[in-house]
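What follows is one structure encoded as structure tokens, with my remarks underneath.
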Amino acid sequence: MVNTLAPETTGPAAHSSRTAAAAVDGRGRARRRQTLVAYLFLAPTLLFFAVFLILPLGFALLLSMSRWTGFDLGDIDPVGLDNFAGLFADGATFLTPVLTNTLLFALGTVALALAGSVLVATCIDKLRFQGLWRTLYFLPIVTTVVAVGNVWKYMYEPGGLVNGVLNALGLHSVAFLQDPDTALPAVVVVQAWASVGSAILILTAGLKAVPESYYEAAALDGAGAVTVFWKITLPLLRPSLLFVCVTQFLTGLQSFALIIVMTRGGPGDATEVAALEMYRQAFAYGDWGTASAAAFVLFLVVLAVTLAQLWIFRRKGEDA
């Protein structure tokens, strides 16, 4: 009878195989230990995000589909999508003028801040004592929004600095913050002025990254200053411009403090923006469901705008 059982492997080959298996098993245990240690170090951060981000986000999502006055958790009354439908119902003010004002405010802020920061950063890059100029332009960033809003509020008064300059030029005084036609643009100017400092820092850093050899080659070809700016400086600043556009737009869409300090949403609803509307719905009217629904709508708007900006810049050849 033929024995079909394979003989037990012995010798150097078997020893080598067992050694390799033990090494693999040891590496696996070491990797598991490293993973465990990594998660232990990450645990405080993960716990922080869970408590202060994930849980509030989930609670806000629950409130957006409920009716709640903000006192007793037992009074939460599920209403489905009624809060979202109410935001866009006939006669509702969320789409117009609240969301419209928010988008106009953000667009105006981005346009002014971006144009001003590009111009100033380009000029500063050619001046001496660049650190001093950057510090001066950055000062509004470290100043509280309340202080900035109140100073500009007095400057916009009929007897303030801005109207004083207009009168000196032979023009009539303008009720900037009292006229519905000028209130929103007036606040946009202040927001752009207050945020231009951070944009200047980012753009000056971007200008420093442009190789001097490009400018030297352009000078040898006889290119003028305007051609150099449009053909060399601006295209190579695209990564910095993308960052400034996205951050400035996000800031504009979420603006709250400056509006409430300068106009409180007035006159009428000329400067009523989404963040201020959410604040009023929750804390003034006790309608936390509508406030949460408005917050999620604003989140979707912010996400859509950010993705659109990234897509536009990628189409122009910039990997963001």
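Some points to look at:
- Ranked by the mean number of other Cβ atoms within 10 Å per residue, highest first, peptides 141-147, 254-260 order as 254-260, 141-147.
- The chain, relative contact order [Cα under 8 Å, separation at least 6], %: 26
- Positive-end ranking of 85, 313, 69 along the dipole of the chain, with charges on Cβ about the Cα centre, is headed by 313.
- The stretch 129-149 versus the stretch 296-317: alpha-carbon centroid distance in Å: 29
- Rounded if a/c under 1.5, otherwise prolate or oblate - the stretch 176-241, Cα gyration tensor axes: prolate
- Check: the chain dipole with +1 on Lys, Arg Cβ and -1 on Asp, Glu Cβ, in debye: 1400
- Cα-centred dipole magnitude for the stretch 125-246, charges only on beta-carbon of K, R (+1) and D, E (-1), debye, nearest 20: 280
- Backbone phi angles across the stretch 90-102, fed through the Karplus curve with coefficients 6.51, -1.76 and 1.60 (θ = phi - 60°), yield HN-Hα couplings of 4, x, 6, 9, 5, 5, 9, x, 4, 5, 5, 4, 4 Hz in residue order; Gly and Pro are listed as x.
- Close amide H partners of residue 66, meaning residues 5 or more places away or on another chain with modelled amide H under 5 Å apart, are 79.
- The stretch 42-91-the stretch 168-208 distance, computed between alpha-carbon centres (Å): 36
- Packing, taken as the mean count of other beta carbons within 10 Å per residue, orders the peptides 77-83, 284-290 from highest to lowest as 284-290, 77-83.
- Taken over the stretch 89-164, the ratio of Cα radius of gyration to 2.2 N^0.38 Å equals 1.54.
- Hydrodynamic radius (Kirkwood) for the chain, which is based on Cα pairs only, to one decimal in Å: 24.7
- For the stretch 103-116, the Karplus equation 6.51 cos²θ - 1.76 cosθ + 1.60, evaluated at θ = phi - 60°, returns couplings of 5, 5, 4, 5, 4, x, 5, 4, 4, 5, 5, 5, 5, x Hz by residue, with Gly and Pro reported as x.
- Helical content of the chain, expressed as a calculated mean residue ellipticity at 222 nm, amounts to -21500 deg cm²/dmol (DSSP H runs of 4 or more residues, -39,500 (n - 2.57) each, divided by residue number, nearest 500).
Read-outs throughout are calculated quantities, based only on the coordinates presented, and are distinct from any laboratory measurement. All of these numbers come straight from a predicted model, not from anything done at the bench. As a convention, Cβ positions derive from the backbone with ideal geometry for all residues, glycine included, and neighbour counts pool all protein chains shown.
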